[in-house]
Structures are given as structure tokens and as C-alpha cells.
Amino acid sequence: MPSMTPNPDARIRDRRRSAKLDVDRRAALKMFAAGAALAVTSCGRPAEEVVPYVEMPGRVAPGILLRFATTLPLGGYGRGVIVTSLEGRPIKIDGNPRHPASLGATDVFAEAELLSLYDPDRSKAPRTGTLIASWSAFEAALRPHLEREQARAGARFALLTGRVTSPTLVRQIRDLQRALPRARWYRYEPVDDDSARAGSMLAFGRPLTSIPRFGDVRVALMLDADPIGFGPEQIRFSRDLISARRSRTSHDLLRIYAAEPSWTLTGAAADHHISLHHRLIRNVALVVARELGAAVADAPLPPDAEKFARAAAADLKARKGEAIALAGRRQPAEVHALTHWINSQLQSPIGFIAPFDPIDMPHAQSLAGLASDIRLGEIETLIILGANPAYDGPGDLALGDAIRTVPFTVHLGSHDDETAAYTSWYLPLSHPLESWSDLRAFDGTASIVQPLIRPLYDTRTAHDVLALLGGAATSSRDLVRETWSSYWRDDVGRGEYEAWWRASLEDGVVANSASAAIEPPTANLPQVMPANASEGLTVILAPDPVVWDGSRANNAWLQ
Amino acid sequence: MPQIFRPYADTVARAALVAIPTVPLLGIGIAYWFATSNHITGQSIVVDQPIPFSHQHHIGGLGIDCRYCHAGVEVSATGGIPPTHTCHSQLYTNAQMLAPLRTSLAEQRPIHWSKVNRLPDYVYFDHSIHIAKGVSCTTCHGPVDRMPLMQQAVPLTMEWCLDCYRDPAPNLRPASQVFDAAWKAPADQAAQRHALLA
């Protein structure tokens, strides 16, 4: 028998239970039966439709795959791809064997661009504040600001871009700078090459881009460098490096020494690997330089690292002409300079080209310059093309708040992102698979970006927006063709332009457009102070192997 | 105390004994019959189309080749439905029946035909290879030259497809006769077996 005095706790518990789900067994069975009955009635297949064209476009045959060569950017650099298109829709991305940055291979970033194209979260229309607007409304809003800037030669006009390698975009920006001589151009790429550039300045007195020829290398010392990991030139470097490791005789095999603070693919593939504090990497470089006869300070290293460095140095010395030392992106300029000196002592197989980045200023300095110019009130019109500095810029610049204080700000981007939240106008950017453009690969090879599909939404390219700023409504295609017809006149000049243009499109590469190799001056031995073994933690900022600088965060294939 | 089992209990027990094996078998049989019935396979069912297009008139009557409209059939996975532009730009341009065609062309909006021969999504059927190997249009689509309105002529079940794969020879023709809607198997079809399978 239950107790006659009801327990108040139990009563509350009962009430709670009934409040949660007021279904008894009978009702549950009824619902179950109804569900089963509904499931049976829904068995029939839905009707399907066949929808033919009204007028069949040329070339397209239903069910037949077409392949087009184009170029996709990563960090501003182009990588050649061949895109498969079915009935007018791109469905697969493969590497372009003719393109030096692809050689027929792709990486996750290139393959996943397809999903970014069809991303339902892409921006579909211009926006001002919280209102959806039209492009003509934007043009109308832009005009008075542009006229004011034209009157004062663009003194308060600023342009912020990512890394620009597109010859057409560079030409357009140069034209704009001619029209507005005092306009400022800032560029910021979160995955920058500032220390490599500064290292080249230290060693050679001028910025040079070094391109290792891994095919000729037999001993490589990686100082936090990751040439087979992920990045704009990594597809090519991996191919070269792995083929050098597949040489037949053991004497010809590429041997890799890797010292690094965090795991990389290169470190995983290395024959000799040592985990070392980020700051101690320079000491390895110093020990190697000392072994090669440099008058540098003695650098303390833990015993195993010391042994590693001496073994690497001996091996490098023994394979002069086939040995190389590489410093990683995160290492300071002095370490880069030191590796340049080591490589010049070793007569390493490295090609040098002049950097084709039109801006000499380091990325970080350029962005800091923008922030301070805004704070000084020197900028009234700010156009941001494809960059997202409010997200990937250094947090202490507080760029978002700074951008908010500029009277007229425009952000052109594929997604309504962090920077777009602070600008007065937000414009949707076309995906590379919808755009006409051109890009240079890491070695300077240019290739055309041709659209696989018409823009899915009311989007425009950076070329369109720059044409708008210049006051001429020229299509991206005409702009790109203009660039290359003048290139053809100056540098090719034989045959017929149309045939040359068509061949460039079909091959996915502009023939012989790679930057000319230059003979570097003798590398100076930089002053490098050895680092002391430090206690405590060091934060290393690195691009993500899948979402890169964060711009691919919305792509489900990259999670 | 009454008897637990009534006189008819024996009958019930015997019937139950018979039912235990027969009812499930019957159930399976009925389900199988239902699954292969026209209601499920869609065979011989005429679906509504925006324009009552007659294959009988165009092929049987006028003798237009299949490939004139289904142009991709020899090279592509899909035969293809002709674009609006192909049809009646010259003849009977005012017929009431063809009003949707004119609207389509005028408004540049495609005609939405209802699909007649439907395969499941996991079937990657390729027309071109079947044509190349001598399987005729009519083998699967039936005597379209005698169909005033298009209908599915065969069950298109997996069993039906596999039956042909088990012994394709009776369904193969010389390449020259693949598009002949009125073709009849010759008496020596069996003798040509090796030539056709080659």
C-alpha cells in the first residue's frame, strides 16, 4: 500500500513529467499507426520532367562532358586547372598538366572551389547598411565621392587589395593611379612573404624571389620550411621533391633534414627530423654556416640538435651544387638571409626572379599604414577589393572600428563577411569560375581565368569595379583581352592575335610568360645573433591546411 | 466444467497448419505481382504531355529518323530531347495543338515534358554504347512507330535488364538496322549469333 499522505516532491515530479510529454500509450500507438500508414501512401515515385533547350547552344550536347582550362587563385597566385563542365555547369576540377604550378595535379583548395561556387551563402546582391540595393544605386552613390576625389587628385582615396598578380588588375590600378595621382594603394595578404622578402634584402640588397629546383637537389635542410605542405607553389614543389626521392640509385636519392617547431608534411617525409623551439631554428642555421666557414657567433644547441646540425652541415658540404637549405615563412628575415648565404656557398640549384608583386612594402606594414592613415583622418573613400582585414588582419589594429569611421567605404567580397559588417557599401564578388581575369603563378607564368558559367547571382569582378572607378563600363573580358593584345603586340608579334589568344585559353597558360631568371649578386653574410634556449610558450601563427586564411571556412568540403 | 476444445477446433488447427507456410508465400507472391505490375513499373501507362506528340505520325507516317530529333543518342549517355527550335518552325505553324510550342519559342521558356521511361537514380544508363553494340531503339522503347502517344513499352525492372545481359544475342541487330523501327528478326537470327556478339 502506498502511503496515504502524498509526498510533495513526488507530486511535483509527476506534474513535471506530464508537462513534458502528455502522451499515453494509446495515443503513442495511434501516432505510430498513422505514421506507418502515411509511409505506405508515400511510396509512389514523384513525376519527373525532361526540359530541353529552347535553342540549342553551340558545342553543348546533353550528356557530353566539356573541359576548359582556367586558373584558380590561392593567396593571389594562380594555379592552372582543367574544369569539367556538364550541360553548362562546372562539375569537377582537375590539374592542368601544362601549367607550371599544377603539372596536372590539384590540392584540396583547388578541388573545393567547386563547392564555393555553388555555396548558397554567397552574397547575391549589393547592400548598403541593412538594405538590399542595386548596382546602379551604388554607382549613383559612388559618383559624388569620386568627383570629390578627382578634384583633389585622389588625396583621400584609398584602395585595399589582397596580393595582386593579375596583369590586368595591375594595369587597371595603375590607370586609376594615373587618374588620381595621390590615391593610395594598400595590400594585405594574411599568409604573407614579408620575412622571405626582407631576408633577400639583407642578403642581396634587393628583393628576389627564390625558386628551388628540387629536381637537382640531393641534400636538403629544411629550417621550418614546408615545401610539400600546402600553399600556392606546393603542388609543383611536392611533385619535384617526390620525384627526386624516387630516383633509382640510393646515391641519387634526395635526403631531407628537417628541423621544425611543429609537424609538417615535409618533416614527416624527412630522413632526419628534429623538433626544436621556433627560436632555436636560427641556431641550427648558425651552426651550419659556421661549419661552412662563416665567422658567426657560436650558437648553443641541445646535444641532439647539435649532432643533427653538424651531420646536416657535413652532408650539405659533401654535395656541393646539389645541396640546399631553406627557411620557412615563419622564420625571421635574418634566418632567410643566412640560408641565402649558405646556398650561395653551396652553389645550390635555385632560380631567382624579380618579385612581380607591384608593392614593395611588407604586407603587415601596408595594413598598419592603412590603419594609421584612417586614424589620422586622411582617408574619406576606401575601396576594399576581395580582402577581409577585419577578420584576418592583426587584432591590435582594430581595423573594423577604424573602417567604420571612414565616410564612404566599399567592400567587394564573395561573402557578407566581417569587413562587410563595417563598410557603408557591400558588393558581391563573382567566383573565379564565373569571371574573366588573369593570374600569375609563383614563377610568374601568366594564365587566363575564363568563366565556366555565367554569374549565378548579381555579382561582379574586381575588374568591373575598377572599370567603374575609372568611369568606363568595359567588360572584364574586353579588359583582359586588351592587356594581352598589347602584350602580344610587344612580346609575341608574330602569327595572328586571335589564334594566339585561343591557344592561350585552350592551353591554360600564356606561353613563355614566366619571369626571366636573374643572376643574384653574391649573398652577404648577415649579422645573426644566436638565440638562447627559451623557456615558456611561443605562439606560432600558421595558415590552416584546409581553410587556409579562413576565407574557405564556409566550404563543407574543407572541414 | 465445459470442454476447452469445441468440435471445430480440429478444423481450425488443420487450417492453421496449412496457413503457416501458405500465407507468407502467398504474401510474397502478391507483393511480387504487385511490384512487377504496370502500376509500379509504369509499363503501358500513358502520361500527360504538354503537346500530344505522336511518334506514330512522325516515324511511322513521315519516316523521320530517330536521330533527327534525338541527336545525341550515338555519342552521349542521353538521347536528348530536341530543342523547341527544331519543331514546326515551317509546317503547321498555326495549329492549335502546337500552342505551347509557340509560347515556348516566344517567351524563350523550355517545354516541360513528362518523363516516360524512368530509371532509378542508381542506374547510369548510356544510350551510345547500346546503340554502338547493336541494341536498337525499339528493343527498349517498343514499337514507337505505332504509338500515337508515347508510353513505356517494357517493365524496365532490373530483372528485365539482366535478362538481356544474360543472353543479348536475340536482341542485337546489324549496325545498319539499329534505327529501323519496322525491323523484324530474320529467321536465321540464331545463326548470326556469333557475328552479332562479336
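The values are calculated or read from the model by the stated rules, or taken from the named source; none is laboratory data. This one's a predicted model, so the numbers in the text were calculated from it and none came from an experiment. All Cβ positions, glycine included, derive from the backbone under ideal geometry; neighbour counts span all protein chains shown. Note: areas computed on protein heavy atoms with side chains; ligands, DNA, RNA excluded. Shrake-Rupley method; radii C 1.70, N 1.55, O 1.52, S 1.80 Å.
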Averaging over all projection directions, find the projected area of the Cα convex hull of region A:47-168 and quote it in nm² with one decimal place.
-> 13.2
Hey, could you grab the Kirkwood Rh for region A:442-558? Inverse mean 1/r over distinct alpha carbon pairs, Å, one decimal.
-> 19.7
Rounded accessible area of B:Glu74 (nearest 10 Å², 1.4 Å probe) = 90
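In Å² (nearest 100), what accessible area is buried between A and B, both sides summed, heavy protein atoms only, 1.4 Å probe? Write down the numbers at each step before the final one.
Numbers: alone 27660 and 14180 Å², together 40160 Å².
About 1700 Å² of accessible surface is lost on pairing.
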Carbon and sulfur atoms: what percent of the 1.4 Å accessible area of region A:275-325 do they account for?
-> 51
Largest first and in whole Å, give the semi-axes of chain B's equivalent ellipsoid, each being the square root of 5 times a Cα gyration tensor eigenvalue.
-> 47, 26, 14
Taking Cα pairs under 8 Å and at least six residues apart, what relative contact order does region A:341-429 come out at, in percent?
-> 23
Qualifying lysines (Cα of each under 25 Å from Cα of A:Lys124; at least 8 residues distant if same chain) = A:Lys92
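Using a 1.4 angstrom probe on the protein heavy atoms only, line up A:Ser123, A:Ser424, A:Ser250 by accessible area, largest first. Intermediate values should be presented prior to the final figure.
Numbers: A:Ser123 10, A:Ser424 35, A:Ser250 105 Å².
My answer, sorted largest first, is A:Ser250, A:Ser424, A:Ser123.
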Which translational diffusion coefficient, to the nearest whole µm²/s, is obtained for region A:409-499 from the Stokes-Einstein equation, given a Kirkwood hydrodynamic radius over C-alpha pairs, 37 °C and 0.692 mPa s?
-> 221
Mean separation of Cα contacts under 8 Å, 6 or more apart, over the residue count of chain A: relative contact order % | 20
Using only alpha carbon pairs under 8 Å that are at least six residues apart, calculate the relative contact order of chain B and give it in whole percent.
-> 26
Residue-level accessible surface for A:Leu541, protein heavy atoms, 1.4 Å, Å² | 140
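Sorting A:Ser515, A:Ser551 by accessible area (1.4 Å probe), largest first, what list results? Show your work: numbers first, answer last.
Details: A:Ser515 35, A:Ser551 70 Å².
From most accessible down to least: A:Ser551, A:Ser515.
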Distant-in-sequence amide H partners of A:Ile350 (H built 1.01 Å from N, under 5 Å) | A:Arg213
Taking Cα atoms only, Rg over Rh for region A:223-292 with Rh from the Kirkwood formula is 1.01
Environment charge of A:Ser504, counting only residues whose C-beta is closer than 12 Å and scoring Lys/Arg +1, Asp/Glu -1 = -1
Probe 1.4 Å - accessible area at B:His130, Å² to nearest ten = 40
Sorted list, accessible surface of protein heavy atoms, 1.4 Å probe, largest first, for A:Met31, A:Met201, B:Met150 is A:Met31, A:Met201, B:Met150
Compute the separation of the alpha-carbon centres of region A:108-139 and region A:372-391 and state it in Å as a whole number.
-> 21
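What helices does chain B hold that run 27 Å or longer along their axis, going by alpha-carbon atoms, with a Kyte-Doolittle average of -0.5 or more, using DSSP H for the helix calls?
On the way: long enough: B:9-35 (37 Å, 1.38).
Correct list, ordered by number: B:9-35.
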Which value, in Å², gives the accessible area per residue of the protein assembly as shown when a 1.4 Å probe is used on the protein heavy atoms?
-> 53
Over what distance in Å are the Cα centres of region A:486-559 and region B:1-59 separated?
-> 69
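Just the number, please: percent antiparallel of the DSSP beta bridges in the protein assembly as shown, rounded to the nearest 5.
Once the DSSP bridges in the protein assembly as shown are tallied, antiparallel ones form about 50 percent.
Just subtract the alpha-carbon distance of B:Ile28 and B:Ala16 from 0.36 nm times their residue separation and send over the number in nm, one decimal. Mind showing how you got there, number by number?
Numbers: separation 12, 0.36 × 12 = 4.32 nm, distance 1.81 nm.
Length gained, B:Ile28 through B:Ala16: 2.5 nm.
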Of the trypsin sites (Lys or Arg not before Pro) in region A:219-314, those whose Cβ has at most 13 other Cβ within 10 Å and which sit in DSSP loop | A:Arg246, A:Arg248
Of the convex hull drawn through the C-alpha atoms of region B:21-64, the volume per residue in Å³ is 80
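Average partner chain C-beta neighbours within 10 Å, per residue of B:70-80? Display every interim value, and only then the final one.
Working: counts 1, 3, 4, 1, 0, 3, 5, 4, 6, 2, 8.
Counting Cβ atoms of other protein chains within 10 Å of each residue's Cβ and averaging gives 3.
At 37 °C and a viscosity of 0.692 mPa s, what translational diffusion coefficient does Stokes-Einstein give for region A:209-353, taking Rh as the Kirkwood radius over Cα pairs? Give it in µm²/s as a whole number.
On the way: Rh = 14.9 Å.
Approximately 221 µm²/s, per Stokes-Einstein.
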Evaluate E = 1/(1 + (r/R0)^6) for A:Arg174 and A:Ser372, where r is the Cβ-Cβ distance and R0 equals 22 Å; express this FRET efficiency to the nearest 0.05.
-> 0.35
Shielding by other protein chains, B:112-125, mean Cβ within 10 Å = 2
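Can you tell me the mean projection area, over all orientations, of the convex hull of chain A's alpha carbons? Units nm², please.
Convex hull of Cα atoms, orientation-averaged projection: 41.3 nm².
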